[in-house]
Amino acid sequence: MTVRVKERYTVLVVDDDPSVLATYRRLLCRAGYTTVTEDDPRKVLRDKADPRVDVMLIDYRMPGMDGLSLLAELRSRACRARCILVSAFLNDDVRTRAARLGVDRVLEKPVDACRLRKAIDDLLPLCAASEGTDLAEA
């Protein structure tokens, strides 16, 4: 039997809106993920480009650097984490650039909590359940 052991996975959320970050943190922590948040994409490049990040949830429009520019820089540093781009400003150009950078999902704001959890779950691999694992906790 296989299960997704969520606490094994780290989600990095980058969004310039503190209330959005707080909402995502609460939602993802309740879902069992280790969650790291940042409101400045430039700080991610300086401080939080952690190779242990499994999924990045990145806002497209932020001051100083947009989400796709952040992702391009992270990809140039060999970051291979799965990526979900969120934005209220989607168009064909943004979707095309996102696809070229390997964005796995694009979600339009406001993001439905169930769709977000499903998108993250779909991107993470299943793990073989250890003998004696309580599946209710996994």
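The values are calculated or read from the model by the stated rules, or taken from the named source; none is laboratory data. Quick caveat: nothing in here was measured; it's all calculated off a predicted structure. Glycine gets a Cβ as well: all are built from the backbone with ideal geometry, and neighbour counts include every protein chain shown.
Listing for the model above:
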{"item": "Residue satisfying condition, being surrounded by fewer than 15 Cβ atoms within 10 Å (Cβ to Cβ), within 20 Å of Pro41 (Cβ to Cβ) and in contact with a strand residue (DSSP E or B) (Cβ under 8 Å, 6 or more places away or on another chain), within set Arg95, Arg100", "result": "Arg95"}
{"item": "Some residue of segment 42-54 being closer than 18 Å to Arg105 by Cβ, in a loop (DSSP other than H, G, I, E, B), out of contact with any strand residue (DSSP E or B) (no Cβ under 7 Å at 6 or more places or on another chain) and of a type outside the set (Gly, Ala, Ser)", "result": "no"}
{"item": "Candidate set: segment 38-78, residues that are at pLDDT 95 or above and of a type in the set (Ser, Thr, Tyr); chosen: the one surrounded by the fewest Cβ atoms within 10 Å (Cβ to Cβ)", "result": "Ser69"}
{"item": "Hits in segment 50-71 - residues which are touching a Phe, Trp or Tyr at 6+ places or on another chain (Cβ under 6 Å) and closer than 15 Å to Leu12 by Cβ", "result": "Asp54, Gly67"}
{"item": "Some residue of segment 64-72 being in a loop (DSSP other than H, G, I, E, B) and touching a Cys at 6+ places or on another chain (Cβ under 8 Å)", "result": "no"}
{"item": "Residue match in segment 2-9 (condition: in contact (Cβ under 8 Å) with a residue 60 or more places away in the chain, assigned to a helix (DSSP H, G or I) and basic (Lys, Arg))", "result": "yes"}
{"item": "Pair list, Cβ under 6 Å, 6 or more apart: segment 66-88 residue hydrophobic (A, V, I, L, M, F, W, C), other residue surrounded by fewer than 18 Cβ atoms within 10 Å (Cβ to Cβ) and in a strand (DSSP E or B)", "result": "Leu85/Val106; Val86/Leu107"}
{"item": "Enumeration of residues in segment 83-97 that are under 14 Å from the mean Cα position of the chain (by Cα) and more than 20 Å from Arg30 (Cβ to Cβ)", "result": "Cys83, Leu85, Ser87"}
